[in-house]
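Trainee: Dropping a structure here in structure tokens format, bear with me for questions.
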Amino acid sequence: MLIKSLVVGPLEANCFIVADEKTKETMIIDPGDEPARIMEIVKENNLKVKYIVCTHAHFDHVGGISELKDETDAQIVIHKDELEIYEGARDQAAFWGYELEPLPEPDIFVNEGDRLEFGNLKFEIFHTPGHSPGGICLYGGNFIFTGDTLFAGSVGRTDFYGGDMEKLKKSFVRLMSLPEGTKVFAGHGPSSTIKEEKTVNFFMEEI
């Protein structure tokens with residue numbers, strides 16, 4: 001498995017490019033901005049982008065989707081409960097003082113337990129609401145991509161529209177039940193492990 005990460009946009013969101021090294025089939029997770037930089041990595045590695053996945057649809061995680069869709073014709077993947085947030089991303093961006101291109105229609109609506117397959121890789125969808133209604137994590141092998149549900153030492157805020165503290169607590173508990181060696185790739189900030197989060201994450205005191 002090839003995993004490339006880059007920090008994009010003014011809110012410094014993490015974008016991940018995950019590829020099967022043999023087949024070159026790829027998913028891009030949370031392309032929040034700077035699609036040209038993302039495409040540089042795609043082209044340098046001769047990757048074939050199959051999916052563009054939104055762990056959630058806040059503007060800092062979806063801002064590069066339109067251009068990437070035009071470049072790759074990959075399928076845009078969101079959870080069905082995130083459609084309202086996705087459709088309102090331009091308004092959210094404007095509220096923060098940023099411009100966002102119109103977003104293309106999603107191609108695939110995923111649900112809890114669905115799997116995304118590309119090349120020889122498989123990632124299971126965890127529906128992890130709390131930060132947003134249709135927040136998802138992608139779990140495969142010894143890795144989980146958590147979007148803004150779980151950060152190193154912290155969790156996503158719940159004061160945005162659609163946020164829910166009680167749902168976030170349940171999502172957090174679920175993630176903490178994963179094997180301790182699971183590596184966590186979050187939507188902002190550094191990577192971590194489930195073992196480390198059980199030790200240092202302040203949210204452990206909330207559950």
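The values are calculated or read from the model by the stated rules, or taken from the named source; none is laboratory data. Just so we're clear, the structure is a prediction, and the values are computed from it rather than from any experiment. Using ideal geometry, Cβ is built from the backbone for each residue, glycine included, and neighbour counts are taken over all protein chains shown.
Trainee: Quick check on my filter: what residues within segment 32-61 are crowded, with 20+ Cβ neighbours inside 10 Å, of a type outside the set (A, V, I, L, M, F, W, C) and farther than 14 Å from P106 by Cβ?
Mentor: Residues satisfying the conditions are G32, D33, P35, K50, H58, D60.
Trainee: Being more than 19 Å from A186 (Cα to Cα), among the basic types (K, R) and touching a Leu at 6+ places or on another chain (Cβ under 8 Å) narrows it down to one of R115, R90, so name that one. Explain how you work it out, then say what you get.
Mentor: Values: R115 fails: touching a Leu at 6+ places or on another chain (Cβ under 8 Å).
Being more than 19 Å from A186 (Cα to Cα), among the basic types (K, R) and touching a Leu at 6+ places or on another chain (Cβ under 8 Å) holds for just one of R115, R90, which is R90.
Trainee: If you don't mind, there's one more thing I want to ask. Within segment 173-207, which residues are β-branched (V, I, T), surrounded by 16 or more Cβ atoms within 10 Å (Cβ to Cβ) and part of a loop (DSSP other than H, G, I, E, B)?
Mentor: Once the filter is applied, which keeps residues that are β-branched (V, I, T), surrounded by 16 or more Cβ atoms within 10 Å (Cβ to Cβ) and part of a loop (DSSP other than H, G, I, E, B), segment 173-207 yields only T182.
Trainee: Quick one: which helices (runs of 4 or more DSSP H) lie wholly within segment 62-172 and hold at least 3 residues that are crowded, with 18+ Cβ neighbours inside 10 Å?
Mentor: Working: elements: 65-72, 83-87, 89-95.
Filter on segment 62-172 gives 65-72, 89-95.
Trainee: Here is a further query. Exactly one of (1) at pLDDT 95 or above; (2) out of contact with any His (no Cβ under 6 Å at 6 or more places or on another chain); (3) under 24 Å from G134 (Cα atoms) is unmet by D30. Its number?
Mentor: D30 satisfies every listed condition except (2).
Trainee: Let me ask something else. Under 7 Å between Cβ atoms, at least 6 apart or on separate chains: pull out the pairs that start in segment 107-118 with a residue that is among the hydrophobic types (A, V, I, L, M, F, W, C) and end on any residue that is assigned to a loop (DSSP other than H, G, I, E, B).
Mentor: Note: pairs meeting the criteria are F118/D20.
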